[in-house]
């Protein structure tokens, strides 16, 4: 299994601090899923992340988004999110046609099915089962990773490549560093809203429910709606042959944050989120087909209005046959 | 030379020649087998991958004297008088019988001729007395084992069987002697004070002539068989302690009980142990020496509190692991649960109690190191490690708060780079816990009163690394030690005074192992300092305190470093009557805070500090005195838990606080 882990040390008062619990856990999950050393990526100048990743048994390299292969799972630590923002996770999910989860407490791969447990807030958990590639942002509330001893960290420092920025740091025993802040998530909002935000959709949190409405030109609105529907598998990216592709309106005075990632001249194969073919990979054989048999945008009616009001991931209440995509098994009161 | 040559006996008389030859062959095979087993075990121990320890050969004379003294006086064993005297009788009896057998061998199988006349009679008398002592000692052991009056001994059938085998050797030896004498009942055999009366009894029972000869042959054969069985089983289990025990005692390091030797951090090998292969040959030899006596279990505070740790089980598990997995495989880890390992308070009572010199708690710390390297540590321990690494104290508080205890006091804080002659080391507990802060404030008042030119490091002070080390984080400890040694060296410190026995033990005993230059300053516990000042007449205790004190000896002070006289001298100078608890001085009982147990909490049926508090309260003393901030914290917690709100329990005070009260500071 191809496992990729993105981690970065936290920053406290402008100073680089240690790795947060979530980043450590992301590495641990990565090693577990890979059945050995996973591939870790961290900022080139991040000495803490490099050292910790090597000490934890991962193979480390500098973060280079353009040179990535197609992994089965990408584990993103809260430190990396703090550094690069939620857009990173969204961009990766988009690029690798993967499902995206925030605030993940645990992830397991068994019988070709992913089981992802997300923190749904207020003591609730979402347990989602699905197939196919996933991008998960590990929560700081996830189970602790095994302790990495000072001896291992010291030994790892020897193998950490000498970087220009690292050389400035004192070469003696590890200097005392401030502890990373213990917070639940960088944005302190629900995972669902972060997922929407990562795809350019406004937050749907209760306090600013009124602000979720999108005001822009019809073309941009249509584009965002399309992205939303495509992301959640309600429609396919395959457009009718005779249909003009949507183009962002040049008159828009407000650009959705993911507009630039949507190609102006159609979707690339890697961005296509049509039902996966059995031949694509062994792991994807069991992935359930997407809902829509009619994949044209023009054929969609407002039948999705009910579920849409609840948010994209709350699919457990829908008994409609043919519902597709990940489904919630149950909600647990903590 | 020795008188009448007729006064002797025929050796191997009436024993058929073939039987004697068979005995010699069997005995040779049995001894060879035993020697081979010892050699194989030693060779297996040498496969250990632990870092090599200093060779004991350089100090062989000291070690030989230690063993002889141990054998002659049995000081360690006689801490339990019944077991000690039983063992003394068995050892003396066994030695005499062994020498007697050697004399018979020399007389019979060498050209030497000395076994006659008065020498023969004297030897017979001594050998019979030795045999009698051997039987009495063994009977005492078996009586205790069978009656069940001792709860600490291991109730395994094979231990009883092996003791029974020894008893059979003794009894069959006397019966054989009686049968030999009964054949013609010579008068000069009266000096066989056990064999002769038995022979008279056999004669009076009608045993004589060919029947007596036949009985002698049967008994000789039986005696020979049990002796050969003994030789064969010599390296096995319980019997092995005869050889391994003495070797273990001879190889034991001369160090204070709380002193954990520094282990080198080698790049190729992580610290710690998960299976026998990670222990040194000496550690493995120690496990072979275990007699399963259970003294370690008896004194262990964790076991007393119903926690899952039994020190003997740790030793036996290590021995089993070594025996069953001579070829180490990845899955040959010791079968010890995490709760067992994290229950230890590192009080060193097990090391102190062990009669064959097994360093039990050293092994537990080594196993904890192994757990740390595997990443399997309790969350609370991980928090302590993180706090020590990031805040330089285990209390999870910013190091900038280190001087909060000194508000309102005139405390001289060392400036950057200022040389220090006398350093008052506050310690993390003194800086952050209310109980420790009170001791630090008292000490500062005393030091100011005495006009001592001292300094405190303030926020430049860091944890000594003791909690991390006792919890198995050796790398973190060595990091803390290196930083502290560098700090103290840069300031040219001559003397360190501290009120924390853990800091005292670490700085005095363990820092020189990290960096030999750390031995350049004198480390004093505040009880030593105060006793010294009182002896010089600088502190007298001008105010009369109407209190009765019972002193709780902290493990790292009393047992660990032998400081038991100084606190009592201070209390005596203050005219405070002392009532001792049953367990005091070097054999004190732990408060339950050591070894990181201040932060770890493995559940038991009872809490250690509650047991100690109950013991202290039973003395009816109005004050429980102590010399450690951690002990004070634990005892205060126990008082809070055990005392009804309307009945105030005894006060819990450090000796420094008592001095301040008595001096009116």
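The values are calculated or read from the model by the stated rules, or taken from the named source; none is laboratory data. From a predicted model like this one, the values you see are computed outputs, not experimental measurements. So basically every Cβ, Gly included, is an ideal-geometry build from the backbone, and we count neighbours across all protein chains shown.
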Practice item. Tell me which residues, restricted to the range B:333-386, are more than 13 Å from chain A (Cβ to nearest Cβ) and on the phi > 0 side of the Ramachandran plot. Key: B:346, B:348, B:357
Study note, to complete from the structure: Within the range A:1-46, the residues that are at pLDDT below 85, more than 14 Å from chain B (Cβ to nearest Cβ) and surrounded by fewer than 24 Cβ atoms within 10 Å (Cβ to Cβ) are A:1, A:11, A:14, A:44, A:45
Exercise for review: Quick one: which residue in B:544, B:491, B:470 is closer than 19 Å to residue B:395 by Cα and out of contact with any strand residue (DSSP E or B) (no Cβ under 6 Å at 6 or more places or on another chain)?
Suggested key: B:470
Point to revise | Hits in the range B:436-462 (condition: within 34 Å of the chain's Cα centre (by Cα) and crowded, with 23+ Cβ neighbours inside 10 Å) | key: B:436, B:439, B:440, B:443, B:461
Study note, to complete from the structure: Within the range B:232-246, the residues that are in contact with a helix residue (DSSP H, G or I) (Cβ under 6 Å, 6 or more places away or on another chain) and either within 14 Å of another protein chain (Cβ to nearest Cβ) or under 23 Å from residue B:63 (Cβ atoms) (or both) are B:234, B:235, B:239, B:240, B:241, B:244, B:245, B:246
Point to revise | helices (runs of 4 or more DSSP H) fully within the range B:233-325 counting 2 or more residues that are under 29 Å from residue B:31 (Cβ atoms) and free of Cβ contacts under 8 Å to residues at least 12 places away in the same chain | key: B:311-324
Exercise for review: Please work out which residue is farthest from the other protein chains (Cβ to nearest Cβ), limiting yourself to the range B:251-273 and to residues that are closer than 15 Å to residue B:475 by Cβ and surrounded by 16 or more Cβ atoms within 10 Å (Cβ to Cβ).
Suggested key: B:260
Review point. Picking from B:117, B:206, which residue would you name as being at positive phi and in contact (Cβ under 8 Å) with a residue 40 or more places away in the chain?
Key: B:117
Study note, to complete from the structure: Selection over the range A:112-159 where residues are on the phi < 0 side of the Ramachandran plot, more than 11 Å from chain B (Cβ to nearest Cβ) and in contact with a strand residue (DSSP E or B) (Cβ under 8 Å, 6 or more places away or on another chain) yields a count of 25
**Study point:** For residue B:465: the one exception among (1) more than 13 Å from residue B:424 (Cα to Cα); (2) more than 14 Å from chain A (Cβ to nearest Cβ); (3) surrounded by 22 or more Cβ atoms within 10 Å (Cβ to Cβ)
**Key:** (2)
Check your understanding: Quick check: anything in the range B:398-416 assigned by TED's automatic domain parsing to the domain that holds residue B:506, in contact with a helix residue (DSSP H, G or I) (Cβ under 6 Å, 6 or more places away or on another chain) and under 30 Å from residue B:285 (Cβ atoms)?
Key -> no
Exercise for review: Please work out if residue A:109 is within 19 Å of residue A:1 (Cα to Cα), assigned by TED's automatic domain parsing to the domain that holds residue A:45, modelled with pLDDT of 90 or more and in contact with a strand residue (DSSP E or B) (Cβ under 6 Å, 6 or more places away or on another chain).
Suggested key: no
Review point. Are any of the residues in the range B:507-522 touching a strand residue (DSSP E or B) at 6+ places or on another chain (Cβ under 7 Å), crowded, with 20+ Cβ neighbours inside 10 Å, more than 14 Å from chain A (Cβ to nearest Cβ) and closer than 30 Å to residue A:155 by Cα?
Key: yes
Review point. Can you name the residue in the range A:65-93 that is closer than 18 Å to residue A:133 by Cα and part of a loop (DSSP other than H, G, I, E, B) and is also modelled with the lowest pLDDT among such residues?
Key: A:68
**Study point:** Matching helices (runs of 4 or more DSSP H) fully within the range B:562-665 where at least 1 residues are under 19 Å from residue B:539 (Cβ atoms)
**Key:** B:565-573, B:655-663
Practice item. Check off (1) surrounded by fewer than 23 Cβ atoms within 10 Å (Cβ to Cβ); (2) away from chain A (no Cβ under 14 Å); (3) over 18 Å from residue B:633 (Cβ atoms) for residue B:404 and give me the number that stays unchecked. Key: (3)
Point to revise | residue B:487 under 37 Å from the mean Cα position of the chain (by Cα), more than 25 Å from residue B:540 (Cβ to Cβ) and within 14 Å of chain A (Cβ to nearest Cβ) | key: yes
Check your understanding: Taking residue A:95, is it touching a helix residue (DSSP H, G or I) at 6+ places or on another chain (Cβ under 7 Å) and within 14 Å of chain B (Cβ to nearest Cβ)?
Key -> no
